[in-house]
Amino acid sequence: MKKNVLILGASAPIAKYSYEFLKNDPNVNLTLFLRNPDKVFDKERSIIGDAMNLEDLVHAMKGIDIVYSCLGPYNMVPLAKNVIEAMNQNKIKRVYWMATLGIYGEVDFNDEEAISELGDYRDPDTYLGDQRIAADLLENSNLDFTIIRPNWLTDKEIIEDIRIENRNGMSFIGEISRKTVGKYLATLINEPTTHMYDSIALTAKGEKTE
């Protein structure tokens, strides 16, 4: 049976890579949710809406089996609340949520500029803090969640081998291409029980900076 998959924030680079890997998949019916009509790249599959508007999300999720969110990267807490509520109203369980590395203090950012930009994951007013609370909302919901935490993203047009660290594992500074993350998400959508109820960090194998 085909799975009806909704990609939220479908104009995001990682989401667009996932779209390329899923658009001809015979097991998937794709719907793309975008805020900006100027960024539509597949008119037949697209819905224009604002994820900060609950009604837009509720409407977009009708008939959907799996939600894949590339929303953000800011204002993640209200976005998470809306996604959870819209999924509950539509009785949808499976969700993939794109977050970022560092939300659990699982990596040591030894770069002062990065520390200044990302902030403390325990402070809700920082980038990492906002991402952390949003991820916690998903973890504490009644949804079948997988949280994705990519390492530093690159624009390399390659598919890399991936090292995966689970929710309670320590990680390290490294890189991974957006294309690799997009491809891996496309793979997970066809393996819906893999990494369910987990938060996974993704890094390209061989990429490590002390």
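The values are calculated or read from the model by the stated rules, or taken from the named source; none is laboratory data. Only a predicted model underlies this, so the values are computations on that prediction, with no experimental measurement involved. All Cβ positions, even for glycine, are placed from backbone atoms using ideal geometry, and neighbour counts span all protein chains on display.
Please enumerate the residues belonging to region 89-99 that are under 16 Å from the mean Cα position of the chain (by Cα) and in a loop (DSSP other than H, G, I, E, B). Please lay out each step first, then the result.
Let us first name the residues in region 89-99 that are under 16 Å from the mean Cα position of the chain (by Cα), namely 93-99.
Matches in region 89-99: K93, A99.
Can you tell me how many residues within region 195-210 are out of contact with any strand residue (DSSP E or B) (no Cβ under 7 Å at 6 or more places or on another chain) and surrounded by 13 or more Cβ atoms within 10 Å (Cβ to Cβ)? Before the answer, list the steps.
Step one: of region 195-210, the residues out of contact with any strand residue (DSSP E or B) (no Cβ under 7 Å at 6 or more places or on another chain) are 206, 208, 210.
Filter once more, so that each one left must be surrounded by 13 or more Cβ atoms within 10 Å (Cβ to Cβ): 208.
The qualifying residues number 1.
Tally time: how many residues in region 100-154 are part of a helix (DSSP H, G or I) and without any contact (Cβ under 8 Å) to a residue 24 or more places away in the chain? Even if it seems obvious, please write down each step before you answer.
First, the residues of region 100-154 that are part of a helix (DSSP H, G or I): 112-118, 127-139.
Okay, now just the ones that are also without any contact (Cβ under 8 Å) to a residue 24 or more places away in the chain, so 112-118, 129, 136.
Residues meeting the conditions: 9.
Give me the residue from region 183-194 that is of a type in the set (V, I, T) and assigned to a helix (DSSP H, G or I) and, out of that set, surrounded by the most Cβ atoms within 10 Å (Cβ to Cβ).
Here is the first cut: in region 183-194, the residues of a type in the set (V, I, T) are 187, 189, 193-194.
Those left that are additionally assigned to a helix (DSSP H, G or I): 187, 189.
Values: T187: 14, I189: 24.
Looking at the filtered set, the residue picked out is I189.
Does D161 satisfy the condition of being surrounded by fewer than 18 Cβ atoms within 10 Å (Cβ to Cβ) and without any contact (Cβ under 8 Å) to a residue 24 or more places away in the chain?
Here the answer is no, as D161 does not meet what is asked.
How about region 155-179: which of its residues are within 27 Å of M87 (Cβ to Cβ) and either basic (K, R) or not in a strand (DSSP E or B) (or both)?
N166, R167, N168, R178, listed by residue number.
Go through region 90-118 and give me each residue that's under 20 Å from L30 (Cα atoms) and surrounded by 13 or more Cβ atoms within 10 Å (Cβ to Cβ).
Passing the criteria: N90, I92, K93, R94, V95, Y96, W97, M98.
Take the residues in region 165-182 that are under 20 Å from R94 (Cβ atoms) and at pLDDT 95 or above, then tell me which one is surrounded by the most Cβ atoms within 10 Å (Cβ to Cβ). Lay out the reasoning, then the answer.
Quick first cut of region 165-182, residues under 20 Å from R94 (Cβ atoms) only: 166-167, 181-182.
Now drop any that are not at pLDDT 95 or above, which leaves 181-182.
On the way: V181: 25, G182: 23.
My answer is V181.
Name the residues in region 50-71 that are more than 12 Å from L6 (Cα to Cα) and either assigned to a strand (DSSP E or B) or more than 18 Å from the chain's Cα centre (by Cα) (or both), would you?
Correct list: N53, L54, E55, D56.
Considering only residues that are surrounded by 14 or more Cβ atoms within 10 Å (Cβ to Cβ), out of contact with any strand residue (DSSP E or B) (no Cβ under 6 Å at 6 or more places or on another chain) and part of a helix (DSSP H, G or I), which ones fall in region 21-49?
F21, K39
Quick check on region 72-88. Is at least one of its residues closer than 19 Å to D144 by Cα, basic (K, R) and part of a loop (DSSP other than H, G, I, E, B)?
Within region 72-88 (the criterion being closer than 19 Å to D144 by Cα, basic (K, R) and part of a loop (DSSP other than H, G, I, E, B)), the answer is no, since none of the residues qualifies.
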